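No lab work stands behind these numbers, since they all come straight from the coordinates. All of these numbers come straight from a predicted model, not from anything done at the bench. FYI the Cβ positions are ideal-geometry reconstructions off the backbone, even for glycines, and counts take in every protein chain you see.
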Amino acid sequence: MSDASRTDRGTASGILGRVFSRDHRVIGLQYFFLSLTAALVGIALSALMRFHLVWPGASLPFFGAIKPEQYLAMLTMHGTLMIFFVLTTAPQGAFGNYFLPLQIGAREMAFPRLNMLSFWFTLLAFLVLLSAFFVSGGAPISGWTHYPPLSAVPSAGPGQGTGMDLWIASIGLFCFASVLGSINFIVTVLDRRAPGMTMMRLPLTVWAWFITAILSLLAFTVLHAAILLLFLDRHAGTSFFVPEGVVVNGSVLQHSGGSPLLWQHLFWFFGHPEVYIAILPGMGLTSHLLSTFARKPVFGYRAMVYAMMAIGALGFMVWGHHMFVSGMNPFAAFAFSVMTMVIGVPSAIKTFNWLGTLWRGSIRLTVPMMFAIGFVSVFVTGGLSGPILAQPALDMYLHDTYFVVAHFHLIMGVAAVLGIFAGTYFWFPKMFGRQMNSTLGYLHFWITFVGAYAIFLPMHFLGMAGHPRRYSQLTDVHYLQALVPLQRFITLAAFVTIAGQAIFLVNLFWSMRRGQVAETNPWEATTLEWGEPTDSLTVARGAYEFNVPGAKAEFLPQREGQDAS
Amino acid sequence: MARFPRSDEIESPGRIDHGGSGIPRYGGGDGDGDSGDAYPDYYQKLRRYRLFVFLVFIAVFIFFTALSSAYIIRRGNGHLDWQTGAFVRDWQPLTLPPILLVNTLLLALSSCTLEFARRNLIRQIALAPAIAIPGIAPEKKRSAPWLTLTLILGGGFLAGQLLAWEQLRAAGVFVATNPSSSFFYILTASHALHLAGGMLALLYAASLSIFSRKLEREVVVVDVTSWYWHFMGLLWIYIFLLLRFAQ
């Protein structure tokens, strides 16, 4: 049952009131559909890129042949859209906003108006970013990491003028919205928990959103400072990032003494925690779902919490591993390398605890459970290439190859996306009052899961064979000839996987209207969001009391007085 | 001058639990402070907004830490001169306009006046229940217009910063002149912008005291803004020291 019966409060009536709503559930859905739109644009871009990589000369209807600079623009926009507007927005903005207050027994976020503001700033950021496609020169081409001097010099290429400025404006707005949003999340968790909801009774999803919010608060502010300096280098004639004597289009630039490395340090100080901002909510949800559908308490609840904290804290000490080939001091590289491998410890704790949760459980292979197990699978696969890349000597060779593309897509992209899908199938009954079709759900899962492996596993081999990334056209390069069939296979796999997402879209929109009407607690879950809405509630126990020895019911809801439902 | 109660004497109500146990608190999603005349609600709101402003400190602090680390690194940057083979640093130390000292004094004073305004209001709200009892009419005490004074001093600080920029520009020191001047303008402008945000909040509080007479909300706004303002003061001193001694 959806909780539409709860009276709308704190929200003005009428259409304007519904659009500019302060209701966390409405804002959650707004974020959800925003990131769905961003994901569709991002997927379309990746389809075009995969097409171009294999058939570089081919002409597309209405589009013509893709030019190299257009390929780079697509690369940049794909990365930006997916990282900021999908992987950051969907798990935290959409599910976090909708379910964090429900799961802690709060009626609202701590600052509903601020929450609304965050969403509208994010939407504005999205529109500003998309507008970069339509200005003269098109979208920026310097990749989502925007290394100077390329990004700092408007004349450095098509898209580096207005397009790049729009990118900076968009990310500036996004940072502001994220900081406001994360403050809201932190205050809500600390201040709005229902009586009895101690920190150690919080569902792991809430812990993940909480830690993610802390990371956002610390990371996005640094990015904000960095893009401010980049903007000044572009327009005020300062020299923070542009070194002496850079020649662009035959003329020497006036800048002097800046350091491109400085940008990389600032950017990756944000950029690496950003990876955990994307993946931590997925980890929390996976823990939650494995426990719920294995009908067992989470194996090592406290260890899970501490592991997430450790991952969050260590995430701020490893940014240099993105810069091994940048000319950074090798001693610094060694330190970053060790810290990076240390992250393997809490990650392994989480993985073993997930397996421990599954071990000898009464596993119910529902659709969300399939996606949660899929999450564990790609997290391990993508994670195992981490310690390889963490070693400077190996990274020197692999850094600019498809090996890295495979690594970060599996661990950050695919894992987080599987988490988003799991959340959608799991919480759909709560969000829309109906169930999604499970046959289509299983079909969607297998196409996505197998498809993702078919796309990204071969990329490891491309990388080991020395196939560079980021280039638009390498089909005629002699030493890569043998790899062309593999690239073609990846492209075909990508097309099939992308087509499979249509099943999800159909299921999503069809089920909203026509899906089977859901019961109050269709998954027999314990957390507060699955109870009937009441005016006051007290929390009696932790979040994962399944098959507790001596208990009279198979599962014990967290809410007081709901023992035997 | 009357003795102002120490903030911890009256501010820590003691009866407010920290999420988890105690009074039932399900709910209270009050649209950022539209409702609520009841007392516990006021304390909750005060605590929530203080938490909010504390997190804003962290965000602002990290922002300026990022700029400072860029400052330190950029100061040591340079390039190899191909002719001589020497390492050339292009950072030229900047002489700060002396008016900054006056500005610092203004900002410090404004912090004091705002603290008086805050304590005054807290005292008013602590006495409010007693005043509501019929027959008890404590003497009306007129206090100095601390909020207005703060606004004037804060405005003076911002005007002084503008004057400092004017002086530098008159001396031919612009944003792009040297990294040292770039950082001077960026740090002072970012700080001024953040302080202007505090000014807006104070203006809002002043308008509340004139138009709405909702004491609770005014107290919350002034209390939170004063913490923010003190933080801005400390931040300015940090920036000033950085600019003065790390040239």
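Brief remarks on what is shown
- Spin-label model, A:Asp476/A:Val548: points 7 Å from Cα along the beta carbon direction are separated by 7.0 nm.
- Virtual spin-label span in nm between A:Trp510 and A:Met464, 7 Å along Cα→Cβ: 4.1
- Between B:Phe174 and B:Ile131, full extension at 0.36 nm per residue minus the direct alpha carbon distance yields a gain of 9.7 nm.
- Fully extending the segment from A:Ile15 to A:Ala65 would add 13.6 nm, taking 0.36 nm per residue of separation and subtracting the current Cα-Cα distance.
- Residue-averaged beta-carbon neighbours from other chains (10 angstrom radius) around A:195-203: 3
- Per-residue mean of C-beta atoms belonging to partner chains within 10 Å, peptide A:176-188: 3
- Loop-located trypsin sites (Lys or Arg not before Pro) in the range A:317-374 whose Cβ has at most 10 other Cβ within 10 Å (DSSP): A:Arg360
- Residue-averaged 222 nm ellipticity for chain A, from DSSP H runs of 4+ at -39500 (n - 2.57), nearest 500: -20000 deg cm²/dmol
- Relative to the dominant Cα principal axis of chain A, helix A:24-54 is inclined by about 40°.
- Applying 1/(1 + (r/R0)^6) with r as the Cβ-Cβ distance of A:Ile388 and B:Tyr204 and R0 = 41 angstrom yields a FRET efficiency of 0.15.
- Centroid-to-centroid, using Cα positions, the range A:483-499 and the range A:298-312 are 37 Å apart.
- Residue separation of A:Met341 and A:Trp55 scaled by 0.36 nm, minus their Cα-Cα distance, works out to 99.1 nm of gained length.
- Square roots of 5 times each gyration tensor eigenvalue, C-alpha, the range A:28-244, largest first, Å: 36, 21, 13
- Rg/Rh for the range A:275-536 (Cα atoms only, Rh after Kirkwood) is 1.02.
- Using only alpha carbons, the protein assembly as shown has a radius of gyration to Kirkwood radius ratio (Rg to Rh) of 0.98.
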